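The numbers here are math on the coordinates, done by the rules we state, and not lab data. Model, not experiment: these values are computed from the prediction. Note that each Cβ is placed from the backbone with ideal geometry, even for glycine, and that neighbours are counted across all protein chains shown.
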Amino acid sequence: MATDTALEHNADVQDGNLWEGGKAPFKASYGKLMMWYFLLSDAFTFAGFLISYGALRFSMPTWPVPDFVFKTAPFGVENAPLIFVTFMTFVLIVSSVTMVRAVQEGHRENKGGAVFWLLMTIIGGATFLSSQAWEWNNLIGKEGMSVTTNPFSNFDEGGKYLSAEELEKAGFQKVETESHGAAATYFLHPHAADVPDNRFFVKADHHGHSLAGKEFSAGNHYLITYNHSTHLYEHGAYLAESGQIKKEEFGPRAFGALFFFITGFHGFHVFSGVLFLTIIAVNVASGLYVKRRNGYEMVEKMGLYWHFVDLVWVFVFLVFYLL
Amino acid sequence: MATAANKSTAPAPHDVDLLIEEYGYDDHFHEHHEGDKYQSNFFTTYIFSQDHKMIARQFLITGMFWAVIGGLMSLVFRLQLGFPEESLAWLRPLLGKWITINAETGVGTLAPEFYYALVTMHGTIIVFFVLTAGLSGTFSNLLIPLMVGARDMASPFLNMLSYWFFFLAGVVMFFSLFLNTGPFAGGWTAYPPLSALPQASSGSAGGMTLWLISLTFFVVSVLLGGINYITTILNLRTKGMNMWRLPLPIWAFFVTAVLGLLSFPVLVSGFFLLIFDRTLGTSFFLNEIFIGGQALDYVGGSPILYQHLFWFLGHPEVYIIILPAMGIVSEVLSVHSRKPIFGYKAMVYSILAIGFLSFIVWAHHMFMSGVNPFISNFFVVFTLIIAVPSAVKVFNWITTIYGGNIRYTSAALFGVGFVSMFISGGLTGIFLGNSAIDIQMHDTYFVVAHFHIVMGVAAFFGMFAGVYHWFPKMFGRFMNETLGKIHFWGTLIGAYAIFWPMHYLGMAGVPRRYYRFDNFDTFSHFSAMNQFITIAAVLVFAVQVVFIVNFFRSIWFGRKMTTRNPYGANTLEWTTPVDVPHGNWPGKIPTVQRWAYDYAKAGEENISQIIPLAEGEHDQGH
Amino acid sequence: MAQLDYAEAKKVVLKGLLILGVVTMGEVFVALFGNGHIIHGFYLHKIVFYPVMIVLSLYKAYFIVYEFMHMRYEVKGLAMSVLLPTLLLVWAIIAFFQEGNSWHNRRELIKQKDQESVHSQPAPETGMLDDGRTYQIQ
C-alpha cells in the first residue's frame, strides 16, 4: 500500500497539479463542461434510437434500398439517387464551418464578425430545415410513405409485370369502381372476395405510364404507387418466376416510422439550434457578452451544440441514406 | 499504512475558525453576494431557493411525502394478499369506487384492476421518486458543495430547476392517481403491449399517458441534477481537495450522477418510441396482436426491444439507488466507529467497477422474456462479476467497524443494518443472476424478496443513516435517539419478517403480481405466511410513523446542536458554522490538507481535513 | 492548451470544409458505385461496402469532434471523460443487433413450422405399469 501511494504520487506530479483542487482539472469552465456532458447524454438518446433502428432492421427479412427511396430532388429532378440529401449534408457541413468561424471571431472579441458568421450559420440551419421539409413533403405527399405505411420494398423473386389483357386471360375479373370520386380499375382472383387485400392493379409509374411487360430480378426494388385521386395504394400484379401471379407487398413498416421519427428528432434539434443561435446572435449584437467575465463563451457553447447536431447527422446519414 | 506519524509532531487541536483564517483562501464571495437576490424573501428562501441546502431539504421532504404514499399503497395490496376474505369496506371513503361492496353481505372487495395499479404505482413511486430523487437528490445536494468545499453548486439555477422538474413530475403522477380509469396498472417497468395499447387495460389509457409525461419530467430533473453534480465535483473542489481526498459519499454521488447521465436518456428514447406507438399507430414495440378477438393493425415490432431499452436504464438505475446509500454508509460507519475507512482506494475502485458493470448486464432482467439464450450466457457472466466489487465493499465495511470504538447511534445502527441487508439481498442476487436458476425463480416472490432487500430496504437504511447523521447539518438540531433506536430495531426486524418468508414463497413457485391465490390449491398452505407478512408490513409502516414524527418534531423541538462538529468528524461540512449561511462559510473557504479519514491517528481521535499535515506525516490522500 | 493563432485557425477551418466535403463525396460515390449506379450491374459485396461506409463516417465524426468541437485542444482528461463512456455502447450494439437477428430467425422458424403438416394418426401411447410391464394402447 505504501508503495502504491508513492506511485500514485508520482503520477499526480506528472499530471501537473490540475487535480489538486481549487482549479478546473480540464481547464474548462463548468459551463463548458455542462454542455459537453449534456451532449454526451443527448448522444445516448440518439444512440438509443439508432440502436433500436439497427435491431429492428436486423429483424426484418428485407429493407428498402436508400438510393431507390431517396432519388428525387426539387425542381422535377427524378432518378438522381442521393443527390438531394448530399446537398443537405453539405449545407449542414457548411453551417458547421461558419459556426467555427463565429466562435473564432468571438475569441477575438470581434462583435461584427461573430454576428456575421452566426447569421450565416442561422441561414445554413434554416436551409437544412427547409430541405428536410421538402423531403418529408415529397415522401409523404407524393410517394405515399407514412409512419404506418412503407410503399418501398424488394422483390423476393424475379418476374415481369402483367398487362390488363394478361390478367383477364388468367381468369382475373376486372372491377371498375369509384373511390373518392375518381375511377379505379383493379383485378380480382376468380371467386375472391372484393377486399383491399385481394386487389391487383396494372402497374403504372407516377406519371401513369404502364409498366406492363417490364422484367425484373430478385432483389430489385419497387414502389407501390399511391394514387392521389383515388387515395388507393395500387399494388401491381406480376408473373413470378415460379409461374404464380403475385401482388407487390408493402415493405417493412418500421422503415417509415423510424425514418420520420429519427430524422424528425434530429430536425427538432436543428430547429431548436436555430432558435438558440438567433437569441445568441441578438445577444452578441447587443454587446451583452462584452461585459461578461467569460466573454463570448456562450458562443463557444452554442458552437459545441451546433457541431453535435452535425455529428448526429453523420450517423443518421450513414444509416438511413448510405447503408 | 506504514507511516506512523511521530507523536510529538502530531497536530494539536486547533480552533476551526483560526485554521480557516490562516490556511483558507478568500474568493471574495461575500463581497459579491452580500444581500443578494438568493435569500432575500420568503419565496427565494423557501420555495424557489437556489441554495443547495434548501434544495436538499426540499428533495428530502418531497421524497418522504412520496414514501408515505408508496408505503400506504403497499399496505393496501398487502391487506388484499394477506386477508383476501376480509372486508375492505372501511377503505371506501379513501378509495371510492375501487372498493366494491357486496349489497347483501356488506363485504368490500378491492377491484383487481386497482390492485395492479397499486403495485405499479408503489414500484414507480418508490424507485424513482423516493430512492432516486429522495435519496441521491437530497444527499448529493446537501453534501457535494459542503464536502468538496464549494460555496454552492456549479449552477444554482439549474439545480433549482432540477427540483422543480421533480416536483412537476410528482404533480403529474399525483393527478394520475385520481383518474376515473385509475393510474397505470401494467407494472412499474411499463412493458408493452399493456403500455403501448391504450385499450389494453383500464390504466393503459390516461394513466399511462400521465405516467409517461411524469417520468419524462423526472428524467429532465435527473439530467439537470446530474450534470450539476458532475461539474461541481470536477471544478469546484477547494484547494487541496484532490480526488483521493474526496470523502466516499462524494465518489458515490459522482458515479451515480454519471450513471444517470448515461442511462436515463436511453429510457427517454424508449419512452418516445412508446409514445409514437400509442398515438400514431407505429409498430416499434408491437407485433401481430389481438384484443377481444379483434386483430390490430400492428406488425414487425418487438416488445423485447422496449425491454432492452428499459433495462439499459433499469439496471444502472438499481445502482443509482444503491450507490449513494453505499457512500453514505461508508462515511457514517467510519465516523461512528472512530476508524479510518478500510481500503479507501479499493472502495473507490469498486464503486467505479460497479458503475461500469451496471451498463453491460441489463438483460439479466429478461432471461425468461424471450431473449436469445446465446446472448444470455454473456449477461450471466457479466452479472456474476458484479459480486466481486460488491464483496470488496462488504468486506471493507465490516473491517472498518471491526475493532472500532463504535458509538451505537441511530445513524451507525442503520449503517450496520444496511450492510446486513445488502449481504442478505446480494446473496440471492447470485442465484437469480444464473439464467438456469432464473427459469425456476423468475417472477416469483423470490425475486420480490431479493430486490426489496438489496435495493429497497438497504437503500432506505442508507437513507436513514444519512438523515440521522446529517440532520443536525440540515436543521441545526438532533433527532431523538431513543425514537431512532425504536425505529431501527422495528425496521430491521420487521423488514426481515416481511421479506425473509417471501424467499420460501418464491422457491415454492408463488408468482408475484397475483391478485389472489384461491384458485391454486398448491399455494393454499401459504395463507398463514401471507398473513404474517402483511402484519409485519403494517408494523414496519407504524415504525416509520415514529420516524416521521421524530423527524418533524426534531426540526422545531430537537436538542440543539451547540458545537459545530458534534460527531468529531473530519469532513468539511462540519467546519461550517452551526447555522450554515448562504455560501456555507462566513469568511474564507477552508483548504484541505489531508484525506477525509484520519481517525485514531497519531494519538488523536480524529484530525479534521483542514488541519495541516505534521512534519514527516504521510497523507493517504496522495 | 495548444491554441492556434487566428490565421492558422482560419486555415484549419478551410481545410475542415475541404476534408468533410471530400469524404462525404467519397461516401456518396461509394454508395452509388456499390449499388450499380455508375457501372451498370456492378455491385460491391456488403462485406466491403459496409465497413468502408462505417469507417468513412467514423472519420467524419472524429474530425468534427476533434477539430470543430476543439477536442484536440482540450485537456486529454476532458476528451477521455466524454469519449470513453461512448464505448459502453459497443456492447449495447452487439447485444441489440444480435437480438434483432434472433427475432428474425425465430420468425422464420415459426413460418416454417406453420407450414409443417401434422401426422393425422395419433401416435400409440406407451407406458410402464407399476409392476414393470410395459403397455401400448393403439
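Structure data summary
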| quantity | calculated |
| --- | --- |
| Order of B:ASP277, A:ASP42 - criterion: other Cβ atoms within 10 Å of each residue's Cβ, fewest first | A:ASP42, B:ASP277 |
| Eligible lysines near A:LYS301 by straight Cα distance, threshold 18 Å, same-chain separation 8 or greater | A:LYS27, A:LYS32, A:LYS111, A:LYS291 |
| Cβ neighbours within 10 Å from other chains - mean over B:243-250 | 2 |
| Protection proxy ranking of B:133-145, A:172-184 - average other beta-carbon atoms within 10 Å, highest first | B:133-145, A:172-184 |
| Rounded, prolate or oblate (a/c below 1.5 giving rounded, otherwise prolate when a/b exceeds b/c) for chain C by Cα gyration tensor | oblate |
| Förster radius 22 Å - calculated FRET efficiency between A:GLN244 and A:LYS169, Cβ distance, rounded to 0.05 | 0.90 |
| Translational diffusion of the protein assembly as shown, µm² s⁻¹ [Kirkwood Rh, Cα pairs; Stokes-Einstein; 25 °C; 0.890 mPa s] | 75 µm²/s |
| Percent of Cα pairs exceeding the 14 Å cut-off, where the set is segment B:483-522 | 61 percent |
| Ratio of Rg to Rh over segment B:193-344 (Cα coordinates, Kirkwood Rh, two decimals) | 1.17 |
| Length-normalised contact order for segment C:1-74 - Cα pairs under 8 Å, 6+ apart - percent | 36 percent |
| Proximal aspartates and glutamates to A:LYS174, defined as alpha-carbon separation beneath 17 angstrom and excluding residues fewer than eight positions away on the same chain | A:GLU165, A:GLU166, A:ASP194, A:ASP197, A:GLU234 |
| By average C-beta atoms within 10 angstrom, highest first, the peptides B:248-260, B:88-100, B:111-123 | B:248-260, B:111-123, B:88-100 |
| Likely footprinting exposure, B:VAL329, B:VAL299, fewest C-beta neighbours within 10 Å first | B:VAL299, B:VAL329 |
| Segment B:282-376 shape via C-alpha gyration tensor axes, a/c threshold 1.5 | prolate |
| Subset of A:LYS142/C:LYS60; A:LYS71/C:LYS11; A:LYS169/A:LYS214; A:LYS71/C:LYS15 violating a 27 Å alpha-carbon distance limit | A:LYS142/C:LYS60; A:LYS71/C:LYS11; A:LYS71/C:LYS15 |
| Cα principal axis extents for segment B:507-603, largest first, Å | 71, 35, 28 |
| Cβ neighbours within 10 Å from other chains - mean over B:230-242 | 6 |
| Average beta carbon contacts from partner chains per residue of C:63-71, 10 Å cutoff | 6 |
| Label point distance in nm, B:ASN102-B:ALA387, each placed 7 Å from Cα along Cα→Cβ | 4.9 nm |
| Rotationally averaged projected area of segment A:152-247 (alpha carbon convex hull; nm²) | 5.9 nm² |
| Rg to Rh quotient for segment C:1-74, alpha carbon positions, Kirkwood Rh | 1.16 |
| Kirkwood-type radius of chain B, with distances r between different C-alpha atoms, in Å | 25.5 Å |
| Highest average packing first - B:501-510, B:524-533, Cβ atoms within 10 Å | B:501-510, B:524-533 |
| Mean separation of Cα contacts under 8 Å (6+ apart) over length of chain B, as relative contact order % | 19 percent |
| With Cα atoms, 0 to 90° folded angle of helix B:156-176 axis to chain B main axis | 20 degrees |
| For chain A: relative contact order, % (alpha-carbon pairs under 8 angstrom, 6 or more apart) | 23 percent |
| Sequence-distant lysines (8 or more away, or on other chains) whose Cα lies within less than 24 Å of B:LYS393 | B:LYS339, B:LYS345, B:LYS601 |
| Estimated inter-spin distance, A:LYS214 and C:ILE54, nm [label 7 Å along Cα→Cβ] | 3.4 nm |
| Packing-based exposure ordering (other Cβ within 10 Å, fewest first) of B:THR491, B:THR571 | B:THR491, B:THR571 |
| Principal-axis tilt of helix C:46-63 within chain C, Cα atoms, nearest 10 degrees | 40 degrees |
| Percent of Cα pairs exceeding the 35 Å cut-off, where the set is chain A | 43 percent |
| Radius of gyration and Dmax over the Cα atoms of segment A:127-206, both given in Å | 16.8, 54 |
| Orientation-averaged projected area, Cα convex hull of segment C:1-42 (nm²) | 3.7 nm² |
| Three-way shape call for segment B:308-454 based on the alpha-carbon gyration tensor, with the a/c threshold at 1.5 | prolate |
